[in-house]
Structures are given as C-alpha cells and as structure tokens.
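Enquirer: Below you will find the structure I want to go over with you.
The values are calculated or read from the model by the stated rules, or taken from the named source; none is laboratory data. Predicted model, so just to flag it, every value in this text is computed and none were measured. Here the Cβ positions follow ideal geometry from the backbone for every residue, glycine too, while neighbour counts run over all protein chains shown. For accessibility, only protein heavy atoms count, side chains too; no ligands or nucleic acids. Shrake-Rupley method; radii C 1.70, N 1.55, O 1.52, S 1.80 Å.
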Amino acid sequence: MAIAPYRIYAVRYAHRKCTTSECFYGDYRGAPMAMDYFVWALTNGSETVVVDLGFTESVGTRRGRQFLRSPEKGLAEIGVDVRSVKHVIVSHFHYDHVGNYALFPNATFYVQDSEMAFYTGRNASLGAFRHSIEVDDLCAMIRLNYEGRLSFVDGAREIVPGVSVHHVGGHTAGMQIVSVAHARGQAVVASDASHYYRNFEERIPFNTLHDLPRIYGAFDKIRSLASSPDLVLPGHDPLVLDRLKKVGDGIVEM
Ligand SMILES: [Zn+2]
C-alpha cells in the first residue's frame with residue numbers, strides 16, 4: 001500500500017539576536033542577524049512524529065533567549081496533543097533540542113548511539129562541547145533509557161512508514177536528519193545539520209561544530225535525500241516563516 005504523504009509543520013517557540021560570526025564559519029564581521037527556534041511535526045493522518053523538543057522557559061531565559069511559548073501550545077494549534085505523541089526524534093542533545101521530554105509521557109525518543117556515547121564520554125566536559133549541553137537534560141536522557149523509553153539508532157532507520165532518520169554527524173557526533181515522504185517528493189528536516197538555508201545552499205558550516213569535514217558530508221546527504229532544495233527545512237532560519245505556507249502565528253506548513 002502506498003504511503004500517505006506527510007504534512008510537515010515548523011513551530012517557532014523562541015527567538016534571539018545573534019551575529020554572522022556565530023552562524024557562518026570564517027565570518028569575522030560580527031554583523032547582527034536573528035535566530036529562531038523550532039520544533040517540527042510530521043503527520044499524515046495515521047502517524048504523527050515530532051522532531052526535537054525545544055528548551056524549557058527556565059533554561060531559555062537563563063541563556064538569554066526570548067521564549068515565545070511552550071512547544072506544547074504551538075503543537076496544540078496544529079492538532080498535535082503532546083500527551084498522545086508516540087514517536088519523538090531527537091536530532092541531537094544540544095539544550096535547544098532536548099529540553100521538553102517531560103511534555104511527552106507516552107513517547108519513545110529516537111537517538112543515535114554516537115550521540116549518547118559522546119556526551120557520556122571523555123570529551124563531553126570540554127568547554128567547546130559542554131557549553132551547548134544542559135547536564136540535567138542529559139541525565140534525563142539516561143534515566144529515560146533505563147525506563148526503556150529511548151530507541152537507539154546506529155546510522156539509518158525507518159521510524160514509521162515514510163519517515164526515516166539518517167546519521168550525519170558534523171554539528172555533533174550523533175547529529176541525525178529526517179527524511180519524510182511528502183506530496184512533492186522526499187523532504188528533509190535538517191535540524192542543525194543546516195541551521196540556515198545559507199549553510200547548505202552555500203556550503204558554509206555553522207560555527208558550533210564537532211567534526212568539520214562531516215558537516216560538508218551532511219550538506220551532501222541533505223541534498224542527496226531531498227527531491228529538491230526547496231524540500232529542505234533548516235534548523236533555525238527565520239526565513240522558514242517567509243518561504244513556507246503560514247498556518248498560524250509562527251507556524252508554517254510544507
Ligand atoms: Zn539548535
């Protein structure tokens with residue numbers, strides 16, 4: 001039976017001002033720009049998958065981010081009840097992608113082996129890596145594992161029919177992206193494998209990274225999986241809200 005195509009929603013939950021030097025490798029201008037924070041929902045009527053969790057208001061406020069609403073509220077606007085979601089893909093363990101696990105009491109969380117190994121391993125506490133982690137969130141992931149709530153992937157796997165994860169690394173050791181069967185072909189939720197459209201379009205890495213060559217490999221993987229470049233969703237780009245169809249306040253549909 002053919003897979004019913006998915007609608008893909010980007011739900012903005014937070015915002016901050018940043019600089020070009022933070023976002024584009026080799027940029028020393030420090031020009032002002034903006035960063036949005038999203039979670040994503042994929043739904044085709046029979047299956048619903050949420051990609052990433054966002055940070056909590058307390059963590060966001062402590063880190064100087066402008067918290068706009070709980071991801072729970074944004075997802076509710078498109079008919080996704082967080083309590084009934086069964087599948088959550090965690091693209092990586094940075095604080096802005098893994099904080100709201102408690103909103104999803106009935107979900108299995110899909111993570112890459114290499115992400116858990118790295119952030120429980122010898123290099124995790126080095127400043128460059130530790131900066132992007134909330135240790136409490138990481139401990140929560142470990143607890144969820146012992147509760148049987150994590151599903152580990154080593155590489156690629158289909159999560160539900162039409163939705164697969166693919167390990168790319170680069171930004172973090174276990175960074176994974178998501179391919180989605182869309183009415184116009186195969187779409188890719190790139191999350192932080194490409195923070196902005198410009199990162200993958202012009203092959204410029206983001207400036208927070210784990211493995212620079214693998215970032216370029218991730219750009220290649222995004223392009224090879226996506227049926228066309230306009231079926232790629234970057235992780236933090238405010239332009240997403242302009243390029244896609246608006247269905248709510250800070251919510252767009254692909
Ligand atoms: Zn991020």
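Enquirer: Any idea of ARG69's accessible area? Nearest 10 Å², probe 1.4 Å.
Expert: The accessible area of ARG69 comes to roughly 40 Å².
Enquirer: About the Cα centre of the chain, how large is the charge dipole given +1 on each Lys and Arg Cβ and -1 on each Asp and Glu Cβ? Please answer in debye to the nearest 20.
Expert: In debye, rounded to 20, the chain gives about 220.
Enquirer: Now for a separate question. When only alpha-carbon atoms count, how far does the stretch 1-82 stretch along each of its three principal axes, as whole angstroms with the largest first?
Expert: Dimensions of the stretch 1-82 along the principal axes of its Cα atoms: 52, 30, 15 Å.
Enquirer: If you take the square roots of the eigenvalues of the alpha-carbon gyration tensor of the stretch 30-163 and sort them as a ≥ b ≥ c, do you get rounded (a/c under 1.5), prolate (a/b over b/c) or oblate?
Expert: Because a/c hits 1.5 or more and a/b fails to exceed b/c, the stretch 30-163 counts as oblate.
Enquirer: Okay, next question. For LYS73, which aspartates and glutamates qualify as cross-link partners when the Cα separation must be under 19 Å and same-chain residues fewer than eight apart are set aside?
Expert: ASP36, ASP52, GLU57, ASP81, ASP96, ASP249, GLU253
Enquirer: At q = 0.08, 0.13, 0.14 Å⁻¹, what base-10 log of I(q)/I(0) does the Debye formula yield for the chain when every alpha carbon is treated as an equal point scatterer in vacuo?
Expert: Summing over Cα pairs of the chain leads to -0.26, -0.75, -0.89.
Enquirer: Report relative contact order for the chain in percent, whole number only (criteria: Cα-Cα under 8 Å, sequence separation at least 6).
Expert: 20 percent
Enquirer: While we're on this one: Once a ≥ b ≥ c are taken as the square roots of the eigenvalues of the Cα gyration tensor of the stretch 164-254, is the result rounded (a/c under 1.5), prolate (a/b larger than b/c) or oblate (a/b not larger than b/c)?
Expert: prolate
Enquirer: Leaving out ligands, DNA and RNA, what percent of the accessible area of the chain is carbon and sulfur, probe 1.4 Å?
Expert: Answer for the chain: carbon and sulfur cover 50 percent of the accessible area.
Enquirer: Turning to a different aspect of this structure: Based on the mean of other beta carbon atoms within 10 Å per residue, what is the order of 162-173, 235-246, most packed first?
Expert: So the peptides 162-173, 235-246, ranked by packing, come out 162-173, 235-246.
Enquirer: Quick check: net charge around THR20, other residues with Cβ under 9 Å of its Cβ, Lys/Arg +1 and Asp/Glu -1?
Expert: -1
Enquirer: For the charge dipole of the chain, defined by +1 on Lys and Arg C-beta atoms and -1 on Asp and Glu C-beta atoms about the Cα centroid, which residue among GLN186, SER58, ALA124 has the Cα displaced farthest towards the positive pole?
Expert: The Cα lying farthest towards the positive end belongs to SER58.
Enquirer: At 1.4 Å probe size, with every protein chain present, just tell me what the per residue accessible area of the chain comes to in Å².
Expert: Counting only protein heavy atoms, the per-residue value for the chain is 42 Å².
Enquirer: Defining a contact as two alpha carbons under 8 Å apart and six or more residues distant in sequence, what relative contact order in percent does the stretch 106-254 show?
Expert: 19 percent
Enquirer: Tell me whether the stretch 143-207 comes out rounded, prolate or oblate; compute the Cα gyration tensor, take square roots of the eigenvalues as a ≥ b ≥ c, and use a/c under 1.5 as the rounded threshold.
Expert: oblate
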